[in-house]
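Step one of this worksheet: look at the structure below.
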Amino acid sequence: MEMLDLIDESLREGVSCRRSCELLMIHRSRIFRWQQACCSDKSLENGTPGPEQALHRLLPEERKTMVALARQEDLADLSHRELTVTAWDKGLVYVSFSTTYRVLKSVGLMGMRGKDRRHNGSSMAPIRKDLTGSN
């Protein structure tokens, strides 16, 4: 609001908006956008950028299709990557590997991956070959 007040004051003193923006190192379109927001009673507070919902978000039908596919008896042992490719091949849904992983994880059909995952406690440590060259 202070910047808009400063621009208004400079206009009253005879300095153009273009020149004021150059001096303040602000693009004129930003000032115009701020002025429009003030006229329509919108806040000038910093918000999160972008739309509230992504245009390419996963549809509920696509989510149901992925979960139903994962629950099929003959596909139960497939990894999320293999399941995704199976869905592509059947023409059911076209999603990324990470989307399939997130959907399956959200319904409890996929466990954590990576170094921080919980272990079941009964697995054995891997046996690694000697890398020093001596046997």
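The values are calculated or read from the model by the stated rules, or taken from the named source; none is laboratory data. For clarity, every value in this text was computed on a predicted model and none was experimentally measured. All Cβ positions, even for glycine, are placed from backbone atoms using ideal geometry, and neighbour counts span all protein chains on display. Keep in mind that these areas ignore ligands, DNA and RNA; they rest on the heavy atoms of the full protein, side chains included. Shrake-Rupley method; radii C 1.70, N 1.55, O 1.52, S 1.80 Å.
From the protein chains alone at 1.4 Å, what is the descending order of accessible area for 88, 34, largest first?
Values: 88 90, 34 70 Å².
I get 88, 34, largest accessible area first.
Each listed q (0.13, 0.23 Å⁻¹) maps to a log10 I(q)/I(0) for segment 1-70, found by the Debye formula over equal Cα scatterers with no solvent: -0.55, -1.03.
The residues of segment 1-111 present an accessible area of 77 Å² per residue when probed at 1.4 Å with all protein chains retained.
Quote the FRET efficiency, to the nearest 0.05, computed for residue 56 versus residue 17 with a Förster distance R0 of 35 Å and r equal to the Cβ-Cβ distance. Mind showing how you got there, number by number?
On the way: r = 38 Å, r/R0 = 1.08.
My answer for the efficiency is 0.40.
Per-residue accessible area (protein heavy atoms, 1.4 Å probe) orders 63, 28 as 63, 28, starting from the largest.
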